[in-house]
């Protein structure tokens, strides 16, 4: 859908205005219009250092996968899923690169990081054939799918996936949306306080990113800016306050966040 190698960023100027554009060598070429539909480049250039980087899109929903990595399934003794297993995270849970992840006042338990690849939808679509997926995908981003782990099974009668995944700041996205990468060929690396805690190939997924777009679009309409977080592998652990969590993906960049005190 996009030209190869384009990296899109959303940002806020010092006066609070919101802008977007393509970034190269830490310089943004500011665009006008709609990022997903005919954006127009302007003559304006801004340095990334002079603006606040925002979440790179404003999804109506984040669709996040459970049990989509073979290594994690083998370690936990889970069977291979027949269909994608997923939950939804609301738009209110979004947080940007370098913004703090905030512990909710209603929860005092463990908060996990989960480094993931995110697929960003570029066109309204439903029932997408696998061979047409690239036509509706805008690009790819880094995701930290934050989880209030102890909430999930707190009530024996009802697994609380939605609540555990949906607190404010529990969906970190960014720093950019990148095109021109083969999603099946990249690795996701999560570095915690300078130590590698996750490093896995996207090719280890039961359902590839393209398959996820096709299969999930059979269940619901996908809208421009919607994100599919493709699931995580082994190495997801509780976050410690003020310890940086870096989610790194080749061709996209590094998403950095930390749990606030």
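Mind checking the alpha-carbon convex hull of the chain and giving the volume per residue in Å³?
On the way: hull volume 33.5 nm³, N = 261.
Convex hull of Cα atoms, per residue: 128 Å³.
Arrange 31, 187 by Cβ neighbour counts within 10 Å, fewest through most, would you?
By the 10 Å Cβ count, ascending: 187, 31.
Taking every alpha carbon pair in segment 192-254, what does the distance histogram look like in 5 angstrom bins from 0, in percent?
Per 5 Å bin, starting at 0, the Cα pair percentages come out as 3, 13, 20, 21, 17, 14, 9, 4, 0.
If each of residue 223 and residue 32 carries a label point 7 Å out from its Cα toward its Cβ, how far apart are those two points in nm?
In this crude spin-label approximation the distance works out to 2.6 nm.
What span do the alpha-carbon atoms of segment 135-245 cover on each of the three principal axes, reported in whole Å from largest to smallest?
If we take the Cα atoms of segment 135-245, the spans are 40, 38, 25 Å.
Which three lengths, in whole Å and largest first, does segment 1-152 cover when its Cα atoms are put on their principal axes?
Ordered largest first, segment 1-152 gives principal extents of 55, 44, 26 Å.
Within a 10 angstrom radius of the beta carbon, how do 66, 8 rank from fewest other beta carbons to most? Intermediate values should be presented prior to the final figure.
Details: 66 16, 8 24.
Fewest-to-most Cβ neighbours within 10 Å comes out as 66, 8.
In percent, how large is the relative contact order of segment 200-261, given Cα pairs closer than 8 Å and 6 or more residues apart? Could the numbers behind the result be given before it?
Numbers: 36 pairs, mean separation 14.4, N = 62.
Reported as a whole number, the value is 23 percent.
Order of 63, 181 from fewest to most other C-beta atoms within 10 Å? Mind dumping the intermediate values first?
On the way: 63 24, 181 17.
Ascending Cβ contact count within 10 Å gives the list 181, 63.
Per DSSP helix of 4 or more residues, -39500 (n - 2.57); summed, then divided by the residues of the chain. What does that give at 222 nm, rounded to the nearest 500?
On the way: 4 runs with 24 residues, N = 261.
Result for the chain, helices only: -2000 deg cm²/dmol.
Label-point separation (nm) for residue 135 and residue 204, each offset 7 Å from Cα along Cα-to-Cβ?
Once both label points are built, they end up 3.4 nm from each other.
Would you mind calculating the relative contact order of the chain from Cα pairs under 8 angstrom and at least 6 residues apart, reporting the percent as a whole number? Walk me through the intermediate numbers first.
On the way: 679 pairs, mean separation 67.8, N = 261.
Once divided by the residue count of the chain, the mean separation gives 26 percent.
In what sequence, highest mean first, do 170-180, 48-58 appear when ranked by Cβ atoms within 10 angstrom?
Values: 170-180: 25.8, 48-58: 18.4.
Per-residue Cβ counts within 10 Å, averaged per peptide and sorted highest first, yield 170-180, 48-58.
Each reported figure results from applying straightforward, stated rules to the coordinates on display, with no laboratory input. In this text, all values refer to a predicted model and were calculated from it rather than measured experimentally. Cβ sites come from the backbone with ideal geometry, for glycine too, and all protein chains shown count toward neighbours.
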